[in-house]
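Novice: Quick one: the structure is below, questions incoming.
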Amino acid sequence: MPAAPAPRVTACADEVLRRVGLLNNVYFQELRDGSMSRECFRRSQEQFFFAVRYFPRPMAALIARIGDPVLRLDILKNLVEEHGDFQEEEFHQNTFRAFLGAIGARDPQSQPVVMCPAAHAFNNTLMATCAADELEVGIGCLGIIEYAFASISAVIGRAVVDRGWVESGQLVHYGLHAELDVRHSQEFFAIVEPRWDDAGTRGNLQQGLELGAYAFDQLYRSLHVHGNAQTEGS
């Protein structure tokens, strides 16, 4: 495997994720140990659709604030990939809708699924950070979410296949992101890696990494609560 283009930022992101314990929160523990019900998983993933659909918007806001067009380029490619390289059926929100169909969940685009406050808060946190905070805070926030999502996608993909909820060929969205988001995260991190030795830049970046890890962890914890509540109430 080639060396990461942003080794110092990546090492910092690894340390933040270890400390926050994102991959060890209750959502992923229950997926791994088999105690999460299929219905809880479905309801939580219906809500995650709203985060998938919204994610390109704070990314676009961040791109607009990057003054150097060279530094803008890789993130712009990332944004185009979010839109399926201009193929509507490959838009990431649409590949995620295909996954929802595979697990027997509702399609929030065409059925009455109301966005829960946790997904709403997560989306607004990302947009506010990318539009109004220091640039490096937004880069760190989105970058660590992309970085963590590669591992999350692998965990979810393995769990749903092992439990027989979908066939491996039906992973669609999660199969793609288990590989794609490692590169996407490096494209964010590489923007600030050359300025790592600047204390102000590094401080802002670390704040963004902390915020992104915290927001993502809180989202999954809340989706776990939402999924169980919806299951009990159905």
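Read-outs: derived from the displayed coordinates by stated rules, not from any lab. These numbers come from a predicted model, not from an experiment. Neighbour counts are summed over all protein chains in view; Cβ atoms, including those assigned to glycine, are modelled from backbone coordinates with ideal geometry.
Novice: Please report the base-10 log of the normalised intensity I(q)/I(0) for the chain, using a Debye sum with one equal scatterer per alpha carbon and no solvent, at each q in 0.14, 0.17, 0.18 (1/Å).
Specialist: -0.88, -1.29, -1.43
Novice: 222 nm [θ] for the chain, helices only, -39500 (n - 2.57) per DSSP H run of 4+, per residue, to 500?
Specialist: Values: 10 runs with 171 residues, N = 234.
My calculation for the chain gives -24500 deg cm²/dmol from helical runs alone.
Novice: Between beta-carbons, use under 12 Å as the cut-off and find the net charge around residue 214, counting Lys and Arg +1, Asp and Glu -1.
Specialist: 0
Novice: Quick one: grab the alpha carbon gyration tensor of segment 180-234, order the square roots of its eigenvalues as a ≥ b ≥ c, and give me rounded if a/c is under 1.5, else prolate or oblate depending on whether a/b is larger than b/c.
Specialist: Here segment 180-234 falls in the oblate category.
Novice: For the pair residue 107 and residue 60, what calculated FRET efficiency results from E = 1/(1 + (r/R0)^6), where r is the Cβ-Cβ distance and R0 = 25 Å, to the nearest 0.05?
Specialist: Details: r = 24 Å, r/R0 = 0.97.
FRET efficiency, residue 60 to residue 107: 0.55.
Novice: Tell me whether segment 1-106 comes out rounded, prolate or oblate; compute the Cα gyration tensor, take square roots of the eigenvalues as a ≥ b ≥ c, and use a/c under 1.5 as the rounded threshold.
Specialist: Working: a/c = 2.46, a/b = 1.27, b/c = 1.94.
Cα axes put segment 1-106 in the oblate bin.
Novice: Something else about it: Taking the alpha-carbon centroid of each part, what is the distance from segment 117-172 to segment 1-66 in angstrom?
Specialist: A separation of 3 Å, based on Cα centres.
Novice: Normalized C-alpha radius of gyration of segment 115-222, against 2.2 N^0.38 Å?
Specialist: Details: Rg = 15.6 Å, N = 108, 2.2 N^0.38 = 13.0 Å.
Computed over Cα atoms of segment 115-222, the ratio equals 1.19.
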